[in-house]
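Following: one structure in structure tokens, then a few remarks.
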Amino acid sequence: MVLQAAPSADIEVRITSLLTRMTLDEKIGQMSQSTSMTTPLSGQIKEEIRRGRWGSFLNAGSPQDRAEAQRIALKESRLGIPLLFGRDVIHGYRTIFPIPLGQSASWDPDLIEQAARIAAHEAFADGIRWTFAPMVDITRDPRWGRVAEGLGEDPYLASRLAVSMIHGFQSDSLSSTGAIAASAKHYVGYGAAEAGREYNSTWVPEGQLREVYLPPFQAASDAGVATFMPGFNALNGVPATGNLFTLQKILRGEWNFKGMVVSDYTAIPEMIQHGYAANTADAARKALLAGVDMEMVSTTYFDHLKTLVEKGLVDRRAIDAAVRNILRLKFQLGLFDQSPPVPVEPPAAEALEIAKRLATESIVLLKNDTHILPLSKSNEKIAVIGPLADSPVDQMGTWTMDGRASDVQTPLAALREKLGDARVLYSPGLKNSRDLARDGFEDALQKARMADVVLLFLGEEQILSGEAHSRAFLDLPGAQEALVNEIAKLGRPLVTVVLAGRPLTFHETAAKSKAILYGWHPGTMGGPAIADLLFGDAVPSGKLTITFPRTVGQVPIYYAQLPTGRPASSSDLGIPLGNPVNPVGYVSKYVDVDFTPEFPFGYGLSYSDFKYSNLRVSAPKLRMGGLLTLAADITNTGAVAADEIVQLYVHQDVASVSRPVRQLKGARRVHLKPGETVNVQFLVTTKDLAFYNQRMQLLTEPGTFHFWIAPDSARGIEGKFIVE
Ligand code: BGC
């Protein structure tokens, strides 16, 4: 479904009429976005709005300020052009859903769409009509703090989920009540920041760009996303904000994107630091030529475009084209004839219910030795220990400026509610995840001693992930490992719940824990979701959408790697002992750590078990342009009803460009009662098997394909077909 109606003739006529009446100053005003708004609105801001100085505000003002500012724009500015209020509504507005990386682990497009719809409704009610989401940057580097904001390492899955988010935000029509415009960001390659260091340069060969980094953006464009935002990164030496290749050739040319492009925060003048623009005037010109319609926060457009036009260095038509894109969005949103929004209520029951379901589906069971989970409610006493058991703000995760700690239900609160206060013995042990002081250990140990089971809530606090929060180490920060060591000595069974914005490495803690639930930053309803999972009122079903390394030294590590000429095999597992002269054998691995990940992409356990059998392919051979059905039976062989996320992977044996060892081509979440079998089918067309050849043509080449219908990227039942 394409949401953004093709530019309607009527709207284009109205834009043309406005453009003929607008002064150059008013046009440049439309192209400028500010983040400053005083409460209450100062006389100066009011005057600027009357003069048409701003086209948009971001992350600014109270709902009342926004309503008043809009009134002034509509009623008191010369041409009555409305303002557009944008905000980072990334994973919820007042109701906070799991961080996007967590949401992706649900592999549930419908639920993700519902969550985005709720976020949009809540934001809309506060006068917001534009979000800077979804972030569809593929990253394979958990050091990068913004891994939390993305939808995982896989372009197929990220594309699908991004489209769901866009549908959720934008609804069927941008003008409908509760709809807000979405923005695909950060275009493109930003997630490939070298060494995972925020804002670092990115080097991505075109084939990889087209196969890995561009697809989610193309999917967003095809789905009618209203806006695009170029990234802060230089891609192959050219800043994304001034990149003619990505913004003009690909976005506008190849994809025919008709929406609006907004720069990232002060990214236009940052092209000077990049060494790509000589000064702010040069930066403004380069950004405009690349097709950046609106400038976020910095004022190079305001300061220079008029002079550049007068000097003949910028064509007026480029300005008109940008303003047209901006006005079109304002018309599509219905801002010219807007009715006043309704103030936001505390999270509605339905919003909390969806937030809980999404949190429940996103949490991944990584380990469950001796089936210690689900815990029996008959355990007398439970110790709840760790800095993240009762930390509402941390639980919300990055980008939650409108979430309120007072709405958040923490694991501690939820466990007390489930079991009664008397049975829950709580001690944080550490003040926060980075705390190095051990003065809280004794209390924690005392509580652990009194308990039958110890629940550890470890991980990373909110501010360790997100923008500008890259980490060089992926370990549990602070004295968390030390706390675990002390508690483990008591011999009580340990169950660890990790809350974090990224994959962490916590091998030692994992070894000491009987079970591990990976909760990400699960949002407002994370506590009840975790409590339900721990006690079997819900069954874990999330699966990883990013590979978990054993150690940071393995990064970047991802499942869809190329085979190499000397691939390691199952006989190379473990840390090689060999002899001092040749510890390894000459295959692609490490001398000091196993070459495989700690947990592979797609991995996640359940309280049930599933058998994959009866693999079928509708025909052994497929003609170019044809279609094939790949199917398998999935049986719930366990004792509880549960969801399983069934995955389809494909590999082409020989091609003109070496193909990844596996690529995700389909996924389905199925619900199965104990003993029930479902036949899961995937349709595959030859188009689905296409890739970019050495001449950057998207083609399917004939050959032999292996496929797996699988519980994760490392296992599955395997079949084969041939494309002729
Ligand atoms: C981020 C964007 C965000 C913008 C506005 C920038 O620093 O990179 O993702 O939308 O700020 O807050």
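Structure notes:
- Residue within segment 199-213 that is within 16 Å of the ligand (Cβ to nearest atom), crowded, with 24+ Cβ neighbours inside 10 Å and not aromatic (Phe, Trp, Tyr) present: no
- Within segment 254-265, considering residues that are touching an Asp or Glu at 6+ places or on another chain (Cβ under 9 Å) and under 12 Å from THR241 (Cβ atoms), the one farthest from the ligand (Cβ to nearest atom): VAL261
- Filter pass, ALA133 being assigned to a strand (DSSP E or B), under 23 Å from LEU247 (Cα atoms), modelled with pLDDT of 95 or more and within 14 Å of the ligand (Cβ to nearest atom): no
- Screening PRO216 against (1) assigned to a helix (DSSP H, G or I); (2) in contact with a Phe, Trp or Tyr (Cβ under 7 Å, 6 or more places away or on another chain); (3) crowded, with 24+ Cβ neighbours inside 10 Å leaves a single unmet condition, (2).
- Residue match in segment 229-247 (condition: over 19 Å from SER201 (Cα atoms), surrounded by fewer than 24 Cβ atoms within 10 Å (Cβ to Cβ) and more than 15 Å from the ligand (Cβ to nearest atom)): no
- Scanning segment 170-198 for residues that are in contact (Cβ under 8 Å) with a residue 40 or more places away in the chain, in a helix (DSSP H, G or I) and more than 15 Å from the ligand (Cβ to nearest atom) yields GLN170, ALA192, ALA195, GLY196.
- Every residue from segment 249-267 that is touching a helix residue (DSSP H, G or I) at 6+ places or on another chain (Cβ under 6 Å) and either under 23 Å from ALA281 (Cα atoms) or surrounded by fewer than 24 Cβ atoms within 10 Å (Cβ to Cβ) (or both): TRP255, MET260, SER263, ALA267
- Here SER470 meets the list (1) of a type outside the set (Lys, Arg); (2) within 16 Å of the ligand (Cβ to nearest atom); (3) under 25 Å from GLN409 (Cβ atoms); (4) surrounded by fewer than 24 Cβ atoms within 10 Å (Cβ to Cβ) almost entirely, failing just condition (3).
- Pairing residues of segment 461-475 that are over 19 Å from PHE548 (Cβ atoms) with residues that are more than 16 Å from the ligand (Cβ to nearest atom) and among the charged types (D, E, K, R), at Cβ distances under 6 Å and at least 6 apart in sequence or on separate chains, gives GLU461/ASP394; GLN462/ASP394.
- For first residues located in segment 143-169 and under 19 Å from ARG668 (Cβ atoms) and within 14 Å of the ligand (Cβ to nearest atom), partners that are assigned to a helix (DSSP H, G or I) and not acidic (Asp, Glu) and lie 6+ apart or on another chain with Cβ distances below 8 Å do not occur.
- Extreme residue, surrounded by the fewest Cβ atoms within 10 Å (Cβ to Cβ), among residues of segment 26-40 that are farther than 17 Å from ALA226 by Cα and either touching a Gly at 6+ places or on another chain (Cβ under 7 Å) or at pLDDT below 95 (or both): THR39
- Any hit, segment 51-74, residues being among the acidic types (Asp, Glu) and either within 22 Å of ASP293 (Cα to Cα) or within 16 Å of the ligand (Cβ to nearest atom) (or both): no
- First in segment 501-520 and closer than 18 Å to ALA488 by Cα, second anywhere and small (Gly, Ala, Ser), Cβ under 8 Å, 6 or more apart: LYS512/ALA488; ILE516/ALA510
- Being closer than 25 Å to ASN59 by Cα, of a type outside the set (Val, Ile, Thr), away from the ligand (no atom under 16 Å from the Cβ) and in contact with a Leu (Cβ under 7 Å, 6 or more places away or on another chain) is a property that ALA284 has.
The values are calculated or read from the model by the stated rules, or taken from the named source; none is laboratory data. In this text the structure is predicted, and so the values were computed from the model without any measurement. Using ideal geometry, Cβ is built from the backbone for each residue, glycine included, and neighbour counts are taken over all protein chains shown.
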